[in-house]
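Asker: Take this structure, written in structure tokens, and hold onto it; I'll ask about it next.
Just so it is clear, none of the values below were taken in a lab; they were calculated from the coordinates. Every value quoted in this text rests on a predicted model; they were computed, and no experiment measured them. Every residue, glycine among them, receives a Cβ derived from its backbone with ideal geometry; neighbour counts consider all protein chains shown.
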Ligand SMILES: Nc1ncnc2c1ncn2[C@@H]1O[C@H](COP(=O)(O)OP(=O)(O)OP(=O)(O)O)[C@@H](O)[C@H]1O
Ligand SMILES: [Mg+2]
């Protein structure tokens with residue numbers, strides 16, 4: 001006797017065939033559940049179903065292809081095997097392109113069907129096993145903290161816990177660096193969607209033509225240059241969370257399309273009329289106050305109302321100054337560990353900076369400041385003044401000192417220019433390629449500095 005191979009759902013409107021299939025599957029150590037209609041089978045399928053689904057294509061009522069679409073919407077990783085009659089092969093091939101696991105022509109050889117079922121079953125067991133593992137890891141890593149004891153932050157954490165596990169769409173509002181992505185990430189991790197994808201799209205970083213196919217996907221030939229089919233981010237996030245960053249930058253034409261998706265929970269990839277159902281939660285983030293008509297600009301009011309079922313506002317750091325020391329302490333310790341050196345005592349200069357600075361770059365600016373303090377390079381805009389003796393740095397070999405100095409100058413320039421690369425290059429007076437090489441070498445991400453600030457030459 002071979003080992004138990006797990007459940008299989010088998011659907012056919014022919015009763016004799018169902019009886020034969022039941023027998024065959026039992027003999028091969030599967031646990032079959034057979035159904036005379038797709039509708040009846042669907043009622044038994046959810047994202048925890050641990051096996052493949054086999055269905056005839058031609059049936060009265062819902063046919064096999066429609067069933068496949070429905071199963072895919074429940075969980076795209078459930079293998080669906082289609083049984084085709086005369087003349088259905090083309091349809092079946094299209095379904096395979098669309099993600100069906102396999103198709104088998106009638107009358108089928110038992111061996112062929114069983115071999116496919118073995119593979120499909122194993123694959124399904126693996127997928128579910130992986131999900132369970134990822135879940136366990138997510139739980140054991142614990143809830144990554146959204147640090148802060150200010151009343152607004154405690155309140156925010158409380159709200160996050162309350163709504164994370166619901167499916168409401170959420171709009172996160174806050175200045176640059178206040179932690180919007182941290183919040184979006186927590187909404188995902190604290191939800192039952194945590195084992196499914198968290199897909200982020202920065203609406204401000206892509207040209208209009210690209211965003212559309214990034215979001216919705218396209219078929220071959222949908223536009224000039226579309227040589228391969230592409231699954232859009234929305235579809236990728238099926239079952240999970242779609243994070244739309246800088247939503248205020250979404251072009252008006254796409255706002256209309258996005259609104260439709262949010263209302264119908266269906267998408268139509270470019271170059272096709274076929275709609276596909278999707279199950280997703282949308283978290284969007286914005287730096288603008290979209291509730292204010294003056295600040296909203298050409299952002300559609302109806303989309304705003306649709307996105308902000310719940311709005312979470314993260315206050316800027318200057319409005320919760322009591323959190324600065326806690327955050328700084330945390331980042332300093334983390335940076336010291338990363339750089340492999342003991343956390344330095346806080347100097348008077350550092351304390352001054354913490355209490356007097358306005359932190360326009362908010363928590364992100366504080367993270368970078370802590371990095372510099374950990375390296376002994378305290379003070380924004382005063383990177384290692386020439387001739388100054390700094391304990392931590394003076395022990396380093398010359399090449400490392402030079403490298404640290406260079407990284408600091410680049411970071412400061414990026415900070416000054418609000419992450420505007422073109423202007424930073426001008427300020428630094430280096431060739432473009434050299435600049436990018438240096439960013440890479442020092443592990444600097446210019447996006448970390450992007451914000452709407454005036455650029456001035458550092459004095
Ligand atoms: N409350 C917090 N606790 C711990 N870390 C935080 C907190 N808020 C922000 N951070 C850290 O600060 C940095 C910036 O946060 P994040 O990327 O979420 O900001 P953002 O609001 O998305 O900024 P932007 O609008 O510029 O994209 C990250 O390194 C993040 O981990
Ligand atoms: Mg962000």
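Asker: For the residue pair residue 220 and residue 47, what label-to-label distance in nm results when each label sits 7 Å from Cα along the Cα-to-beta-carbon direction?
Answerer: According to this spin-label approximation, the distance is 3.2 nm.
Asker: On full extension of the chain, what length is gained from residue 253 through residue 228, given 0.36 nm per residue of separation minus the C-alpha to C-alpha distance? Show your work: numbers first, answer last.
Answerer: On the way: separation 25, 0.36 × 25 = 9.00 nm, distance 2.42 nm.
Separation in residues times 0.36 nm, less the Cα-Cα distance, equals 6.6 nm.
Asker: Cα gyration tensor of the chain, axes a ≥ b ≥ c as square roots of the eigenvalues: rounded (a/c below 1.5), prolate (a/b > b/c) or oblate?
Answerer: Cα axes put the chain in the prolate bin.
Asker: Could I have the simple spin-label model distance between residue 27 and residue 445, label points 7 Å from Cα toward Cβ, reported in nm to one decimal?
Answerer: Simple spin-label model gives 5.7 nm for this pair.
Asker: So, one more: Quick check: the distance between the Cα centres of segment 144-215 and segment 266-320, to the nearest angstrom?
Answerer: Taking the Cα centre of segment 266-320 as reference, the centre of segment 144-215 is 12 Å away.
Asker: Can you give me the distance in nm between label points at residue 147 and residue 434, each placed 7 Å from the Cα along the Cα-to-Cβ direction?
Answerer: Simple spin-label model gives 3.7 nm for this pair.
Asker: Applying a 10 Å radius around every beta-carbon, put 304-316, 259-271 in order of their mean neighbour count, most first.
Answerer: Ranked from most to least packed, the peptides come out as 304-316, 259-271.
Asker: Okay, moving on. Explain nothing, just the number: relative contact order of the chain, from Cα pairs under 8 Å at least 6 residues apart, as a whole percent. Don't skip to the end; give the middle numbers.
Answerer: Values: 703 pairs, mean separation 50.0, N = 459.
Once normalised by length, the contact order is 11 percent.
Asker: Would you work out if segment 171-214 is rounded, prolate or oblate? Take a ≥ b ≥ c from the square roots of the eigenvalues of the alpha-carbon gyration tensor; rounded if a/c is under 1.5, else prolate when a/b is larger than b/c, oblate otherwise.
Answerer: Cα axes put segment 171-214 in the oblate bin.
Asker: Rounded to the nearest 10 degrees, what's the angle between the helix 432-442 long axis and the longest principal axis of the chain, both from Cα atoms, 0 to 90?
Answerer: Result, in degrees: 80.
Asker: Mind giving me the FRET efficiency for residue 127 and residue 294? R0 is 51 Å, r the Cβ-Cβ distance, nearest 0.05 is fine.
Answerer: 0.55
Asker: Turning to a different aspect of this structure: Sorted by packing (mean other beta-carbon atoms within 10 Å per residue), highest first, where do 166-176, 439-449, 341-351 land?
Answerer: 166-176, 439-449, 341-351
Asker: In units of 2.2 N^0.38 Å, what is the alpha-carbon radius of gyration of segment 1-118?
Answerer: Taking N as the residue count of segment 1-118, the ratio is 0.96.
Asker: Between 0 and 90 degrees, rounded to the nearest ten: what's the tilt of helix 398-416 against the longest Cα principal axis of the chain?
Answerer: Taking Cα atoms only, the helix is inclined about 80 degrees.
Asker: Okay, moving on. How would you rank 34-46, 103-115, 234-246, highest first, on the average number of other Cβ atoms within 10 Å across their residues?
Answerer: 234-246, 34-46, 103-115
Asker: Still on this model: How large is Rg over Rh for segment 147-222, taking Rg from the Cα atoms and Rh as the Kirkwood inverse mean of 1/r across Cα pairs?
Answerer: 1.07
Asker: Let me ask something additional. For segment 147-315, restrict the atom set to alpha-carbon positions and state the Rg and Dmax in Å.
Answerer: When restricted to Cα atoms, segment 147-315 yields Rg and Dmax of 16.1, 54 Å.
Asker: Between the helical axis of 110-141 and the dominant principal axis of the chain, each derived from Cα atoms, what acute angle in degrees is found, rounded to the nearest 10?
Answerer: That works out to roughly 30 degrees.
Asker: To continue, here is another question. Mind giving me the FRET efficiency for residue 73 and residue 352? R0 is 45 Å, r the Cβ-Cβ distance, nearest 0.05 is fine.
Answerer: Values: r = 57 Å, r/R0 = 1.27.
Plugging the Cβ-Cβ distance into 1/(1 + (r/R0)^6) gives 0.20.
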